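Quick notes on the structure that follows.
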Amino acid sequence: MFLGNFNNQLIKKMKLKHMKQLARNSSSILLGLALIGCGSNNTSQTANQNSSSSKTMIQNAGSDTMVNLAQAWAENYAKVNSEVSIEVSGGGSGTGIAALINGTTDIANCSRAMKAAEQQKAKDASGKDPKEYIMGYDALAVYVHKDCPLEELSLEQLAEIYGENGTITKWSELGITIPGCTSDEIIRVSRQSSSGTFAYFREAVLGEERDYKLGSRDMHGSKEVVELVQNTPCAIGYSGMGYATPEVKMLKISKTLGAEAYAPNVENTIAKTYPIARPLFVYSLGEPEGALKNYVDWCLGPEGQRIVNDSGYVSLTN
Amino acid sequence: MHPFQETIHSKSRQRKETYIKGLFCCMTIAIIIPLILIIGYMLHEASPVLSADFLLKAPERGMKAGGIWPALLGTIYLVMMSLIVAAPIGVMAAIYLNEYAGDNWLTRTVNLAVINLAGVPSIVHALFGLGAFVLFAGMGKSILAASLTLAVMTLPVIITSTKESLAAVPMAFREACWNVGATKWQTIRRVVIPNSISGMLTGFILEVSRAAGETAPIMFTGAVFYKAVEEGNLFAYNLTDQCMALSMHLFTISTQVPGVPEAIPFATAIVLLGTVLVINAFSIAFRIYLRSRKRW
Amino acid sequence: MQYQRGRWSRVIEFLIEWLIRISGISAILFVFGIFFFVFKEGAGFLVTKWKPIEFFTSVEWYPTSLSNKRYGILAIIAGSASVTLLAMMIAIPFSLGAAVFISEFCAPKLKEVLKVLIEFLAAIPSVVWGFIGLMIMNPLIIKIFNAPIGLNVLNGGIILALMSIPIIVSISEDALKAVPDSYREAAIALGVTKWQMIYRVLIPAAKNGLLAGGLLGVGRSIGETMAVLLATGHAVQIPNGPLDSVRTLTATIAAELGETEQGADHWQVLFIIGIFLFSITFVINLIAYLVVKGIRIQAGDS
């Protein structure tokens, strides 16, 4: 052991003499290599973003409500045009808009309209005005467990259930008892705070100024909301009507207590009698061109609109 | 009374001891049982859709049918890339710790850093990946950024297991080599590494299993909800693309996609779980095999 | 010719040794890098607008309110703490029991099998655990406890317990194994039962290792993300009991970061939560490291 170490040290010392000069050279070589590495990395990336290669890439980010719709579009468009590959990511309307502003996505899906400030930001960043398309409509349904005897609610009642300092916390305060819900507590199921659905429900039900009551179960996805309501007799939740299953019940909603209540469906959405319905937007930076234009046109065309209907939303053609 | 005769006292003590043993045994079983029950139940739920087609087909009809091919491929890309990055760094770090480092403050700090790196929450790794690779290094959300994040996260796995296998090479091997005039590096390359290569492989296998299962670190650095890729094409992704991944896919179809038949998320979970467990089983079998043929 | 080849191989050797040294300290660089980059993203808010008292003592988490944005994480800290506490209350006794059983009672063959099974338990990905919590445990808890909702502290606690058991078992088992056999023999020679030996001799002798195991278990539970995101119900409230839903620090970042505008206040606050999490786990790991080092020094002395 000792001898070994000794040997090694000797060798090291001998080596050092020869090496000192080389050390400087080699470190500069390494630095050079690293730079080349970075450079080539960057160029390959831009090449891909320009996508002059075999496949054109369209990046599509935004609303979780629309992510399934966007996925269905992407899946079917791959069959129509195999030259174009579409990446779909969710993350929420805010993310989609942010990505559009940053230039990291081609299309932003939004379940709310872009704010003026956001439009300005996009223009400042890219020099182009964001172009808005309405792709269809979505009605936000209020879901309860299928055993729940409740049939309708007014917007005011919903606000008292969901809003900060709201007064309704028990089902009995709405005059009902639900079999299987012994605690009588209203289990509020909501969405996480940056989703477009969360923001739209707040705007439509609570008003701009009022916040949600804390303690709601803030689910990550719309499907999780419906699934939770389905498994939980005490629960109430909101989600796009496209997420309905036979295991849950959708309530009719009236504008004010005592007024006529409407069910969330295609007719009432088009007639604008159902109070919590919203348009679904798609934004691009500037007038879309080339592959992007073809894609957007296809989405607005008969095939794309059929998919809107199939996905549980209300198409423009209805 | 005979000095070794059983007393009532010792009998009760014996009974007590049996009880205690039974209790500990039950506690151990209570840990194992859920594992078996869960896997059994998930297999049962997944059985209707589990097939080779499920692995090799893309999701269809709004992810309500079809398979998981793009996710499976994405996971393979991420895992391989992270291994390519983490393996050399990890092995070299282990060589440094075991062969070069003296017992000083630097070594102690490195050891502490390795432990800490292993203990950093996965979501913090995600924040790091987002801040460092996606934004700062300008890689954007891509396979590259995601696999680098995974590589940093799984580095301790490789360092720890390689260090163990290096330490298992007897000192006498090194001394013999030094004494015939070989340099430190020659010794490492010709003697130490060949004698510990199998232990390193175990570390790589473990890294793969760890990287394959992670969700949080790739969520913000490169995993997408959906991407249409050609079925059966192994080169469908570019390193600068985003990709689907099994773990992310399981998360999205169980929280976001409506109307998915229950069997599909269960089958996805089983594929993910199965992949990870099979890889782990490999590592364990390999370890047992190595122990049996150890020559020193 | 001979000379030149020697020179080249020396250059290569020099480069490789250089690379090895760099890689050697890479772990330090990465830990530092993690702190730096997470801090960098959160720094703007931290320096200018951060109100630490409100941040740590307010339960009001309204990051996207239109009228009045509030960033109080007390309820979320309480969520993380409650789930971790419950997980440890389940995991520590079971892990100790299992470690003692594996190390002291069972035959070598069975020992191998049990260790492999526990390793499998450790390998299950966290998103699969979350899925189990969502799909299997949720209906079970509603049925068994007649709870209004099955995504709660109990659900998350059980799952985190199962997730942290392997690490606690393996470290505790190592610690028990490290107790010299002479201790056991001395105790048995005095005529004590096996239980007395374990309780009075082994556990005190291995207590540092057991403590380190528990600490690492706590670290694992606090840092776990996907499982708690899916299993705890994700509700901002201070829980009154194990059947209440909560939200954890990790889940908050995972759920909200993807939907937040880059560089906005909300985004920066999420990174500050990241710094907070990093600091907690750093301290826990540091303590565990010191405790384990304490054992080594002790062992070196004896």
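Ranking C:Gln268, C:Thr64, C:Ile92 by Cα position along the charge dipole of chain C, where only Lys, Arg, Asp and Glu carry charges on their C-beta atoms, puts C:Ile92 farthest toward the positive end.
Please report the orientation-averaged projected area of the stretch C:117-176, defined via the convex hull of its C-alpha atoms, in nm².
On the way: hull surface 18.4 nm².
If you wrap the Cα atoms of the stretch C:117-176 in a convex hull and average its projections, you get 4.6 nm².
Legend: ranking of residues B:His44, C:His234 from fewest to most surrounding C-beta atoms inside 10 Å; resulting order B:His44, C:His234. Computed packing ranks the peptides B:201-210, B:144-153, B:265-274 as B:144-153, B:265-274, B:201-210, most packed first, by mean other Cβ atoms within 10 Å. Across chain C, C-alpha contacts under 8 Å between residues 6 or more apart give a mean separation that, scaled by the residue count, equals a relative contact order of 24 percent. Rg ratio for the stretch C:70-301: its Cα radius of gyration over 2.2 N^0.38 Å, N being its residue count, equals 1.15. Go ahead and set up a Gaussian network model of chain B, Cα springs under 10 Å, then flag whichever of B:Ala65, B:Ala228, B:Ala211 fluctuates most. For chain B, modelled as a Gaussian network with Cα springs under 10 Å, the answer is B:Ala228.
To the nearest 20 debye, what charge dipole does the protein assembly as shown have about its Cα centre, counting +1 at the Cβ of each Lys and Arg and -1 at the Cβ of each Asp and Glu? Please list the in-between numbers first.
Numbers: 74 positive and 68 negative charges, 901 e Å.
Approximately 4320 debye in magnitude.
Checking understanding here: applying a Kyte-Doolittle mean of at least 0.0 and a length along the axis of at least 20 Å (C-alpha), which whole DSSP H helices in chain B pass?
Values: long enough: B:8-46 (56 Å, 0.65); B:69-95 (38 Å, 1.96); B:105-119 (21 Å, 0.91); B:143-167 (34 Å, 1.43); B:193-213 (30 Å, 0.77); B:263-292 (42 Å, 1.63).
Taking the DSSP H segments of chain B (at least 20 Å long, mean hydropathy at least 0.0), we get B:8-46, B:69-95, B:105-119, B:143-167, B:193-213, B:263-292.
For the pair B:Leu55 and B:Val180 in one chain, pulling the backbone fully straight at 0.36 nm per residue adds 39.5 nm over the alpha carbon distance. Between C:Ile22 and A:Lys255, what is the FRET efficiency for a Förster distance of 56 Å, r being their Cβ-Cβ separation, to the nearest 0.05? E(calc), rounded to 0.05, equals 0.25. Could you give the distance between the Cα centres of the stretch A:286-318 and the stretch B:250-289, to the whole Å? The stretch A:286-318 and the stretch B:250-289 have Cα centres separated by 35 Å. Relative contact order for the stretch A:100-146: 30 percent, from Cα pairs under 8 Å spaced at least 6 residues apart, divided by residue count. Pairs of Cα atoms in the stretch C:237-295 fall into 10 Å distance bins, from 0 up to the last occupied one, in shares of 19, 32, 29, 17, 3 percent. Look at the stretch A:173-182: the mean tally of other chain Cβ atoms within 10 Å of its residues' Cβ atoms is 1.
Dipole of chain B computed with +1 at Lys/Arg Cβ and -1 at Asp/Glu Cβ about the Cα centre; of B:Ile253, B:Leu112, B:Ser51, farthest Cα towards the positive end is B:Leu112. Under the criterion of Cα pairs below 8 Å and six or more residues apart, the relative contact order for the stretch A:138-277 equals 39 percent.
Applying 1/(1 + (r/R0)^6) with r as the Cβ-Cβ distance of A:Glu289 and B:Tyr19 and R0 = 45 angstrom yields a FRET efficiency of 0.05. Highest GNM mean-square fluctuation among C:Ile25, C:Ile118, C:Ile132, for chain C modelled with Cα contacts below 10 Å: C:Ile25.
Across the stretch C:2-48, the volume of the C-alpha convex hull divided among the residues equals 66 Å³ per residue. Taken one residue at a time, the phi angles of the stretch C:158-166 give Karplus couplings (6.51, -1.76, 1.60, θ = phi - 60°) of 4, 5, 5, 4, 4, 6, 9, 4, x Hz. Gly and Pro are set to x. Taking only the Cα atoms of the stretch A:231-318, the radius of gyration and Dmax are 16.7, 53 Å.
Roughly speaking, what % of Cα-Cα pairs in the stretch B:175-240 are separated by over 16 Å, rounded to a whole number? Above the 16 Å cut-off, the stretch B:175-240 has 70 percent of its Cα pairs.
Peptide A:245-252 has a mean of 0 when you count, residue by residue, the C-beta atoms of other protein chains within 10 Å of its C-beta.
Derived from the Cα gyration tensor, the three semi-axes of the equivalent ellipsoid of the stretch B:83-135 are 25, 15, 9 Å, largest first.
Here the scattering of chain B is modelled by Debye summation over its C-alpha atoms, one equal scatterer each and no solvent; at q = 0.09, 0.11, 0.12, 0.16 Å⁻¹ the log10 of I(q)/I(0) is -0.60, -0.81, -0.90, -1.25. By the count of neighbouring beta-carbon atoms within 10 Å, fewest first, A:Val248, C:Val179 end up ordered C:Val179, A:Val248. Build a GNM of chain C with springs between Cα atoms under 10 Å apart, and of C:Thr84, C:Thr252, C:Thr193 the one that fluctuates most is C:Thr193.
I'd like to know which of C:Leu46, C:Val31, C:Trp8 lies farthest towards the positive end of the charge dipole of the stretch C:2-48, counting +1 on Cβ of Lys and Arg and -1 on Cβ of Asp and Glu. My answer, from the dipole projection, is C:Trp8. Dividing the radius of gyration of the alpha carbons in the protein assembly as shown by their Kirkwood radius gives 1.00 for Rg/Rh. The phi torsions of the stretch C:225-237, fed into the Karplus equation with coefficients 6.51, -1.76 and 1.60 and a -60° offset, translate into couplings of 10, 4, 4, 6, 4, 8, 9, 9, x, 6, 10, 7, 6 Hz, rounded to whole numbers, with Gly and Pro shown as x.
Taken about its Cα centre, the stretch A:156-251 carries a charge dipole of roughly 220 debye when the Cβ of each Lys and Arg holds +1 and the Cβ of each Asp and Glu holds -1.
Summarising the overall dimensions of the stretch C:54-134 from its C-alpha atoms, the Rg and Dmax are 20.3, 66 angstrom.
If each residue's Cβ is checked for other Cβ atoms within 10 Å, how do A:Trp73, B:Trp185 rank with the fewest at the top? Please list the in-between numbers first.
Details: A:Trp73 27, B:Trp185 21.
So the residues, fewest neighbours to most, are B:Trp185, A:Trp73.
Remark on the stretch A:134-253: Rg and Dmax equal 13.3, 44 Å (Cα only).
From the square roots a ≥ b ≥ c of the eigenvalues of the alpha-carbon gyration tensor of the stretch A:217-259, which class results: rounded (a/c under 1.5), prolate (a/b over b/c), or oblate? Since a/c reaches 1.5 and a/b is larger than b/c, the shape of the stretch A:217-259 is classed as prolate. Note on B:176-186: average number of Cβ atoms from other chains within 10 Å of each residue's Cβ is 5. A simple charge model with +1 on the Cβ of Lys and Arg, -1 on the Cβ of Asp and Glu and nothing else charged puts the dipole of the stretch B:127-218 at about 220 debye relative to its Cα centre.
Quick note: the coordinates plus some simple rules give every number you see, no bench work behind them. The structure presented is a predicted model; accordingly, all values stated were derived computationally and were not measured. Because the Cβ atoms are built from the backbone with ideal geometry, glycine has one as well, and the counts that use them run over all protein chains shown.
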